[in-house]
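S.K.: Sharing a structure, written as structure tokens. Questions coming.
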Amino acid sequence: MSKKDIELEPTPETTPRKGFSRRGFLGGTGAAAGVLGTGLLEQEAQAAPPAVMPPGEAEITLTVNGQARKVSVEPRTTLLDALRERMQITGSKRVCDRGTCGACSVIVNGKVMYGCSMLAVDAVGKKIETIEAFSMGKPHPVMAAFVEHDALQCGYCTPGMVVASKALLDKHPNPTSEQIIEGLGGNLCRCGTYVGIKKAVAAAAGRRA
Ligand code: FES
Ligand code: FES
């Protein structure tokens, strides 16, 4: 195992210092909206007026994996809760439930977000992609690469890792080693499958090229 392989596990030393990392951003802002990545949604959130909801449940429409679905939520309901508990879309996992591990990662308007740290009401009108979008019919190349490269053990982190990897490859079709480390810097694997994950992402990039 080379040092570079080991470096995929985020540590204070490997956490990117330029721009936003997911965990760095959350730490710096008190987890407002669970924004991950470059901070683009932070700018959108600042530009958009805050959503106003009455107390109690209200019906909203969420567009998940291309389907607009009505769902009743409270103002405090997180996107992860809306997906898992109200819509039975359970691919995104709840592990830490506090914006730390990335198991709940979903893509919202092209950005990876922690579903546990974003309110469902803040996802109204946005395009939400979950792991289910990448497993319909023929497996997505990223998912197939995870299997081929043995990039999972218990599997709890895997949906979030696949989602984050897909978003990474959308942004960087041929990522460098550093871009892979940065792109997955908000996802933790307690089983330590980082070497396989890194190989899988690189292999998926080759397939897509
Ligand atoms: S469950 Fe959301 S970051 Fe861990
Ligand atoms: S495979 Fe077990 S936490 Fe990642």
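Rule-based calculations on the coordinates, nothing more; no lab input. Predicted model, so just to flag it, every value in this text is computed and none were measured. Don't worry about glycine lacking a Cβ; one is built from the backbone with ideal geometry, like all the others, and counts go over all protein chains shown.
S.K.: Report the trypsin sites (Lys or Arg not before Pro) located in region 53-93 that are in a DSSP loop and have at most 15 other Cβ atoms inside 10 Å of their Cβ, or state none.
M.R.: R76
S.K.: Let me ask something else. How long is the gain from R69 to K138 if the chain were fully straight, where each residue apart is worth 0.36 nm and the alpha carbon distance is subtracted? Don't skip to the end; give the middle numbers.
M.R.: On the way: separation 69, 0.36 × 69 = 24.84 nm, distance 2.41 nm.
Contour length minus the Cα-Cα distance gives 22.4 nm.
S.K.: Per residue, what volume in Å³ does the convex hull of the Cα atoms of region 110-187 enclose?
M.R.: Details: hull volume 8.6 nm³, N = 78.
Each residue corresponds to 111 Å³ of Cα convex hull volume.
S.K.: Among Y114, Y156, what is the fewest-to-most ranking by other Cβ atoms within 10 Å? Before the final figure, lay out each step's value.
M.R.: Numbers: Y114 32, Y156 18.
Lowest count first: Y156, Y114.
S.K.: Cα convex hull of region 144-209: how many Å³ per residue?
M.R.: Values: hull volume 4.6 nm³, N = 66.
About 70 Å³ per residue, rounded to a whole number.
S.K.: Count charges around G66 for me, please; just the other residues with Cβ under 9 Å from its Cβ, Lys/Arg as +1, Asp/Glu as -1. Kindly include the intermediate steps, with their values, before the conclusion.
M.R.: Numbers: positive: K127; negative: E129.
The answer is 0.
S.K.: Which loop trypsin sites (Lys or Arg not before Pro) in region 174-209, with loop taken from DSSP, have no more than 12 other Cβ atoms within 10 angstrom of their Cβ?
M.R.: R190
S.K.: Let me ask another. Residue by residue through region 129-143, which ³J(HN,Hα) values in whole Hz follow from phi under the Karplus form 6.51 cos²θ - 1.76 cosθ + 1.60 (θ = phi - 60°), with glycine and proline marked x?
M.R.: Whole-Hz 3J(HN,Hα) from phi for region 129-143: 10, 10, 4, 4, 5, 9, 10, 7, x, 5, x, 4, x, 5, 5.
S.K.: If neighbour count is taken as other Cβ atoms inside 10 Å, put L188, L83 in order from fewest to most. Don't jump to the answer; show the numbers that get you there.
M.R.: On the way: L188 21, L83 26.
Placing the least packed residue first, the sequence is L188, L83.
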